[in-house]
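Report on one structure; see the data block that follows.
The values are calculated or read from the model by the stated rules, or taken from the named source; none is laboratory data. As the structure is a prediction and not an experimental result, all values here were calculated from the model. So basically every Cβ, Gly included, is an ideal-geometry build from the backbone, and we count neighbours across all protein chains shown. In case anyone asks, the SASA skips ligands and DNA or RNA and just uses the protein heavy atoms, side chains included. Shrake-Rupley method; radii C 1.70, N 1.55, O 1.52, S 1.80 Å.
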Amino acid sequence: MTKTILILGASGKIGRHSAVAFENAGWNVKRYNRQTDDMTAAARGSSVILNGMNPPNYHDWKNTIPAITAQVIEAAEANDSTVIVPGNVYHFGDHPGIWSQDTIPAPVSRKGKIRLEMERAYEASSAQTIVLRAGNFIDPNGQGCPMSAIYLRKIRDGKVTLPGPASVRQALCYLPDWSRAAVLLAEMRNELGHFEDVPFSGHTLTANDIRQGLEGILDRNLYFVQFPWIVMRLLSPFWELARELNEMRYLWSTDHALDGARLNELLPDFEPTKLNAVLKAALPKDVI
């Protein structure tokens, strides 16, 4: 079962890109169907389980995330499988800086606390777990990622949307790059510890950087427009997604980057996709 992986959430953005990356690397990829499959049975023969399952639009995280986590741990322990988890930056809180595996967690949001509890459950289990931690994903297919849903939401009008101050750094990650790194870590899992926290530095960008990069690709001036946070706040009592987005607004004003030292130590030859290619891939095809 050396090169068999079970991908959870295979229809989501993480699952789709991961399936492609593992298949390209010669792995046998199994896709979990949450409607019909028993997870423990589905994981039989899988040396790795990649957990790409995530409730859409933050729906009912406080109940769904712990339930998924318990299922994955049970399946991994029963099958002696390594778990790969796409970690995020929520548990770092609102203290600016360069965050690493050694940064002390200080969550200031409900979702940050939920994710921290999730990671601690994996660490306490007997299943080897690799948390490949990244900032906001950039999906070249535009499937609900912050780049397409926020920064580029008005790009057809020649505008880049500002979710926070234009000079504040944000950790961003091109999903195909994350998936390639996940493959390489899976293939060296026997050399890793029981619980590995691996920050993926990706591309650290300000909104100014994004605008400048897009202007170079499109060969025209672009302008900033503010994200409608006022509308989100007004809709929060009635719309779950607006309420959940408002809770995480602080991150857009928190200057941060992820320290890539651990990833570079493990994967010294790994090369992320060049920024120009990432931004070009993120643009709607009718804009280029």
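What to note about this one:
- Reported count of residues in the range 110-150, each being among the acidic types (Asp, Glu) and farther than 24 Å from Ser46 by Cβ, is 2.
- Any pair with Cβ under 8 angstrom, 6 or more apart, that starts in the range 260-288 at a residue that is under 19 Å from Gln101 (Cα atoms) and open to solvent by 50 Å² or more (accessible area, probe 1.4 Å) and ends at one that is in a loop (DSSP other than H, G, I, E, B) and not basic (Lys, Arg): Ala261/Ser100; Asn264/Phe270
- Residue list for the range 13-39, filter: within 17 Å of Leu184 (Cα to Cα), open to solvent by 20 Å² or more (accessible area, probe 1.4 Å) and polar (S, T, N, Q): Asn24, Asn28
- Here Cys173, Cys145 are screened, and the one residue that is buried (at least 18 other Cβ atoms within 10 Å of the Cβ), without any contact (Cβ under 8 Å) to a residue 40 or more places away in the chain and not β-branched (Val, Ile, Thr) is Cys173.
- Selection of the range 192-241 for residues being within 30 Å of Leu267 (Cβ to Cβ), of a type in the set (A, V, I, L, M) and surrounded by fewer than 18 Cβ atoms within 10 Å (Cβ to Cβ) yields Leu192, Ile217.
- When the test is whether a residue is open to solvent by less than 60 Å² (accessible area, probe 1.4 Å) and part of a helix (DSSP H, G or I), Ala10 does not pass it.
- Among the residues making up the range 110-131, those that are of a type in the set (Gly, Ala, Ser) and either crowded, with 16+ Cβ neighbours inside 10 Å or under 18 Å from the mean Cα position of the chain (by Cα) (or both) are Gly112, Ala121, Ser125, Ala127.
- Exactly one residue out of Asp60, Asp94, Asp102, Asp80 is at pLDDT below 95 and either among the β-branched types (Val, Ile, Thr) or open to solvent by 10 Å² or more (accessible area, probe 1.4 Å) (or both): that is Asp60.
- Verdict on Pro66 being modelled with pLDDT under 95 and either surrounded by fewer than 15 Cβ atoms within 10 Å (Cβ to Cβ) or not hydroxyl-bearing (Ser, Thr, Tyr) (or both): no
- Leading residue by the ranking (farthest from Arg115 (Cα to Cα)) among those in the range 40-57 that are open to solvent by 40 Å² or more (accessible area, probe 1.4 Å) and in contact with a helix residue (DSSP H, G or I) (Cβ under 8 Å, 6 or more places away or on another chain): Arg44
Table: residues versus (1) in a helix (DSSP H, G or I); (2) among the charged types (D, E, K, R).
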site: Arg16; (1), (2): yes, yes
site: Gly26; (1), (2): no, no
site: Lys30; (1), (2): no, yes
site: Ile68; (1), (2): yes, no
site: Val83; (1), (2): no, no
site: Pro86; (1), (2): no, no
site: Gln101; (1), (2): no, no
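- Test for Thr2: is it assigned to a loop (DSSP other than H, G, I, E, B), at pLDDT below 95, among the β-branched types (Val, Ile, Thr) and under 23 Å from Ala181 (Cα atoms): yes
- The listed residues are Glu123, Glu117, and the only one of them that is under 29 Å from Ala67 (Cβ atoms) and in contact with a strand residue (DSSP E or B) (Cβ under 6 Å, 6 or more places away or on another chain) turns out to be Glu123.
- Of all residues in the range 148-168 being assigned to a loop (DSSP other than H, G, I, E, B) and of a type in the set (Gly, Ala, Ser), the one that is surrounded by the fewest Cβ atoms within 10 Å (Cβ to Cβ): Ser167
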